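Quick notes on the structure that follows.
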Amino acid sequence: MRLLSKERMDPVTAQIDAYNARNLEAFLACFSQEVVVEDATDHKLIDGKAALRGLYATVFDNSPELRLSVTNSIRVGEYVINDEHVYGFNLHGYDATSHKAVVYHVKQGIINHVRVLE
(Lines give C-alpha, C1' and ligand atoms only; values in the text may rest on other atoms or scores of the structure.)
Protein backbone atom coordinates (compact mmCIF):
# COMPACT_ATOMS: atom_id res chain seq x y z
CA MET A 1 0.00 0.00 0.00
CA ARG A 2 1.40 3.39 -1.01
CA LEU A 3 0.11 6.61 0.43
CA LEU A 4 0.24 9.71 -1.71
CA SER A 5 2.86 12.31 -0.90
CA LYS A 6 1.92 15.39 1.07
CA GLU A 7 2.53 17.51 -2.01
CA ARG A 8 -0.13 15.59 -3.96
CA MET A 9 -2.65 15.52 -1.11
CA ASP A 10 -2.31 19.00 0.25
CA PRO A 11 -4.72 20.27 1.71
CA VAL A 12 -6.08 16.85 2.73
CA THR A 13 -2.88 15.83 4.48
CA ALA A 14 -2.54 19.30 6.00
CA GLN A 15 -5.98 19.09 7.61
CA ILE A 16 -5.18 15.63 9.00
CA ASP A 17 -1.93 16.93 10.48
CA ALA A 18 -3.80 19.90 12.01
CA TYR A 19 -6.55 17.56 13.29
CA ASN A 20 -3.97 15.39 15.04
CA ALA A 21 -2.35 18.49 16.54
CA ARG A 22 -5.80 19.83 17.49
CA ASN A 23 -4.80 23.07 15.77
CA LEU A 24 -8.14 24.65 14.89
CA GLU A 25 -6.87 27.51 12.72
CA ALA A 26 -4.56 25.29 10.65
CA PHE A 27 -7.41 22.76 10.29
CA LEU A 28 -9.91 25.39 9.12
CA ALA A 29 -7.42 26.89 6.65
CA CYS A 30 -7.78 23.71 4.55
CA PHE A 31 -11.50 24.24 3.89
CA SER A 32 -13.48 26.68 1.76
CA GLN A 33 -15.97 29.07 3.36
CA GLU A 34 -18.79 27.09 1.71
CA VAL A 35 -17.56 23.61 2.70
CA VAL A 36 -20.26 20.98 3.03
CA VAL A 37 -19.83 17.73 4.94
CA GLU A 38 -22.41 15.04 4.18
CA ASP A 39 -23.00 11.45 5.15
CA ALA A 40 -23.58 8.58 2.70
CA THR A 41 -27.24 9.50 2.24
CA ASP A 42 -26.66 13.19 1.35
CA HIS A 43 -27.64 14.34 4.86
CA LYS A 44 -25.72 17.56 5.62
CA LEU A 45 -23.67 17.16 8.76
CA ILE A 46 -21.89 20.52 8.43
CA ASP A 47 -22.79 23.46 6.19
CA GLY A 48 -20.10 26.13 5.96
CA LYS A 49 -16.84 26.95 7.67
CA ALA A 50 -18.55 28.65 10.63
CA ALA A 51 -20.35 25.40 11.46
CA LEU A 52 -17.10 23.47 10.99
CA ARG A 53 -15.39 25.87 13.42
CA GLY A 54 -18.14 25.49 16.01
CA LEU A 55 -18.01 21.70 15.99
CA TYR A 56 -14.25 21.24 15.91
CA ALA A 57 -13.49 23.96 18.48
CA THR A 58 -15.52 21.85 20.92
CA VAL A 59 -14.05 18.53 19.77
CA PHE A 60 -10.44 19.75 19.92
CA ASP A 61 -10.97 21.30 23.37
CA ASN A 62 -12.55 18.13 24.77
CA SER A 63 -10.49 15.40 23.08
CA PRO A 64 -6.95 15.32 24.49
CA GLU A 65 -6.37 11.81 23.07
CA LEU A 66 -7.71 12.66 19.60
CA ARG A 67 -5.89 10.86 16.81
CA LEU A 68 -6.68 10.15 13.17
CA SER A 69 -4.75 7.62 11.11
CA VAL A 70 -5.05 6.91 7.40
CA THR A 71 -4.53 3.30 6.40
CA ASN A 72 -5.02 3.81 2.67
CA SER A 73 -5.46 6.76 0.35
CA ILE A 74 -6.13 7.18 -3.35
CA ARG A 75 -6.49 10.20 -5.59
CA VAL A 76 -8.75 10.35 -8.61
CA GLY A 77 -8.70 13.75 -10.28
CA GLU A 78 -9.96 16.30 -7.77
CA TYR A 79 -10.94 13.61 -5.24
CA VAL A 80 -9.00 12.04 -2.39
CA ILE A 81 -10.49 8.95 -0.78
CA ASN A 82 -9.12 7.96 2.63
CA ASP A 83 -9.62 4.92 4.82
CA GLU A 84 -9.58 6.66 8.21
CA HIS A 85 -9.56 5.51 11.83
CA VAL A 86 -10.38 8.04 14.55
CA TYR A 87 -9.54 7.49 18.22
CA GLY A 88 -10.44 9.60 21.26
CA PHE A 89 -13.14 11.74 19.61
CA ASN A 90 -15.01 13.26 22.55
CA LEU A 91 -18.13 15.33 22.04
CA HIS A 92 -20.49 16.11 24.94
CA GLY A 93 -18.98 13.31 27.02
CA TYR A 94 -19.27 10.69 24.29
CA ASP A 95 -15.83 9.21 23.63
CA ALA A 96 -15.71 7.37 20.32
CA THR A 97 -13.51 5.34 18.08
CA SER A 98 -14.61 5.05 14.47
CA HIS A 99 -13.64 3.69 11.08
CA LYS A 100 -14.73 5.63 7.99
CA ALA A 101 -14.14 6.06 4.31
CA VAL A 102 -13.91 9.78 3.64
CA VAL A 103 -14.13 11.35 0.20
CA TYR A 104 -12.63 14.84 -0.09
CA HIS A 105 -13.25 17.08 -3.09
CA VAL A 106 -10.34 19.48 -3.60
CA LYS A 107 -10.94 22.44 -5.91
CA GLN A 108 -8.23 25.03 -6.55
CA GLY A 109 -6.15 23.80 -3.63
CA ILE A 110 -8.87 23.80 -0.97
CA ILE A 111 -11.39 21.25 0.33
CA ASN A 112 -14.94 22.26 -0.60
CA HIS A 113 -16.88 19.03 -0.05
CA VAL A 114 -16.51 16.01 2.23
CA ARG A 115 -18.55 12.81 2.17
CA VAL A 116 -18.26 10.53 5.21
CA LEU A 117 -19.12 6.85 4.72
CA GLU A 118 -19.47 4.69 7.81
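The values are calculated or read from the model by the stated rules, or taken from the named source; none is laboratory data. Since the model is a prediction, treat every value here as computed from it, not as a measurement. Every residue, glycine as well, gets a Cβ built from its backbone with ideal geometry; the counts of neighbours run over all protein chains shown.
Summary of computed values
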| item | result |
| --- | --- |
| Filter result (in a strand (DSSP E or B) and among the aliphatic types (A, V, I, L, M)) within the stretch 33-50 | V35, V36, V37, L45, I46 |
| Test: N62 is free of Cβ contacts under 8 Å to residues at least 60 places away in the same chain and polar (S, T, N, Q) | yes |
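Residue by residue, here is whether (1) at pLDDT 95 or above; (2) small (G, A, S); (3) over 15 Å from V70 (Cα atoms) holds:
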| site | (1), (2), (3) |
| --- | --- |
| Q15 | yes, no, no |
| N20 | yes, no, no |
| I46 | yes, no, yes |
| G54 | yes, yes, yes |
